[in-house]
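See structure below.
Coordinate-derived values only; no laboratory data. Note that the structure is a prediction, hence the values are computed from the model and not measured. No Cβ is skipped: glycine too gets one built from the backbone with ideal geometry, and neighbour counts run over all protein chains shown.
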Amino acid sequence: MTKVAIVILNWNGIGFLESFLPVLTARTASDDAKIIVADNHSTDASLAFLEKNFPLVEVIKLHENHGFAGGYNRALEKVKAEYYLLLNSDIEVSENWLQPLISFMDSRQEVAACSPMLLDYNNRMKYEYAGAAGGYIDKFGYAFCRGRLFNTLEKVDQGLKTPVEVFWTSGACMMIRSEIYHEFKGFDSHFFAHMEEIDLCWRLKNSGWKLAMVPESKVYHVGGGTLPKSNPFKTYLNFRNNLLMLYKNISPHNLVRVLFIRRIMDGLSLGMFLLSFKFKDIKAILQAHRDYRRDKKLYESFRKAELEKHGYPEHMDMYQKSVVVDYFLAGRRQFNKLRDRFAFKMDQRIIQ
């Protein structure tokens, strides 16, 4: 069986394949790894490009666009490997990027998944939005990273050299044990895209698994290759999926309070979009809440099973304050400025 299957989910991404696949193949010359492109029913010339220029790269053809979550789930059903490495098509890998991830996972059986350090492709001295130096979340479901709070990207911390435990690993570049991926039924296909990796990581943590960021491995991410940040559909997916993720993973005694506060915060987001005359985004948020109320019924049996299985444990690496309040009201724009010495606590969670 192959040690590592590097799987790129492609949808109309011929430009990224032209730019980054040659670099990936050149810097992944290893008997331990094979490269696979899972095509999410592209309508551009991606398949012709692969056939002509990379005949040795395995291609899995999906017959419709199943989104990020469903696309990976369907593709990985066809892949046999000890580890899956999910890699965005808009990532340039660095020299010696793969072996640190393999070595770390081989030696840490309690870790289900890990990510490298994600840096900005266009400004390589800064972290990148999608994962930076490891993902975290506050008690109201707002995700952030070491090195990235909302849209503020920090300079790379050159002193960060030791793997650290994180709350979630970035779906832009994630190595996960294949057995664990299938045991947990992979990403939630209903999410389509956005928040699916955080949801999976939260489910893993609820079952006792650890997640990590391995700084010895670095990749450079362009970002926004499929849906730009200003796309109302992206707004819809982020708001709806975040609510569904909370419903799936928060303990019963916290759920009502957290969702009540989230409704207030999302109402404030509506106000911000109104002031910016972004009426399509307002419609997207309203639709997200409407669809959440409908869709949460799909997860009632899931919540019952999770409660019986592990009782929804509390996680010490969930930020117990509001990162929204810290960032927008208190002006704390850096990870190490968060309250309760959160960054200090996270620095203690080094995986030896």
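Of note:
- Note on Asn96 and Gln334: with the Förster distance fixed at 25 Å, the Cβ-Cβ geometry gives a FRET efficiency of about 0.30.
- Considering only alpha-carbon pairs that sit under 8 angstrom and 6 or more positions apart, the relative contact order computed for the range 232-316 is 49 percent.
- When the Gaussian network model of the chain links Cα atoms closer than 10 Å, the mean-square fluctuations of Ala133, Ala212, Ala45 top out at Ala45.
- The chain: DSSP helices with Cα axial extent of at least 27 Å and average Kyte-Doolittle hydropathy no lower than 1.0: none
- Top of Glu64, Glu92, Glu128 by mean-square fluctuation, Gaussian network on the chain, Cα under 10 Å: Glu64
- Exposure proxy shown here: for Phe20, Phe104, the number of other Cβ atoms within 10 Å sets the order, fewest to most, as Phe104, Phe20.
- Simple spin-label estimate for Ala26 and Asp106 in nanometres, 7 Å along Cα-Cβ: 2.6 nm
- Counting every other Cβ atom within 10 Å of each residue's Cβ, Lys337, Lys234 order from fewest to most as Lys337, Lys234.
- Here the Karplus curve 6.51 cos²θ - 1.76 cosθ + 1.60, taken at θ = phi - 60°, turns the phi angles of the range 108-113 into couplings of 10, 5, 7, 9, 7, 7 Hz, with x standing for Gly and Pro.
- Formal net charge of residues neighbouring Gly13 (Cβ-Cβ distance under 10 Å; K, R +1; D, E -1): -4
- Neighbours of Ala113, meaning other residues whose beta-carbon lies under 11 angstrom from its beta-carbon, give a summed charge of +3 when Lys and Arg score +1 and Asp and Glu score -1.
- The stretch between Ser230 and Ile264 holds 10.0 nm of extra length on full extension. This uses 0.36 nm per residue minus the Cα-Cα distance.
- FRET efficiency estimate (nearest 0.05) - Cβ-Cβ, Thr2 to Val325, R0 41 angstrom: 0.30
- Net charge of neighbours whose Cβ lies under 13 Å from the Cβ of Leu50, counting Lys and Arg as +1 and Asp and Glu as -1: -3
- Compared with the direct C-alpha span, the chain from Arg124 to Glu216 gains 31.6 nm at full extension, assuming 0.36 nm per residue.
- For the pair Glu18 and Arg293 in one chain, pulling the backbone fully straight at 0.36 nm per residue adds 94.8 nm over the alpha carbon distance.
- Put simply, the range 232-316 fits an ellipsoid with semi-axes of 28, 14, 9 Å; these come from the alpha carbon gyration tensor as the roots of five times its eigenvalues, largest first.
- Contact order, relative form, for the chain: 19 percent (alpha carbon pairs under 8 Å, 6 or more residues apart, mean separation divided by residue count).
- The calculated FRET efficiency for Ala305 paired with Lys280, based on their beta-carbon distance and R0 = 51 Å, is about 0.85.
- Highest mobility in the GNM of the chain, judged by mean-square fluctuation with C-alpha springs under 10 Å and restricted to Leu85, Leu298, Leu47, is found for Leu298.
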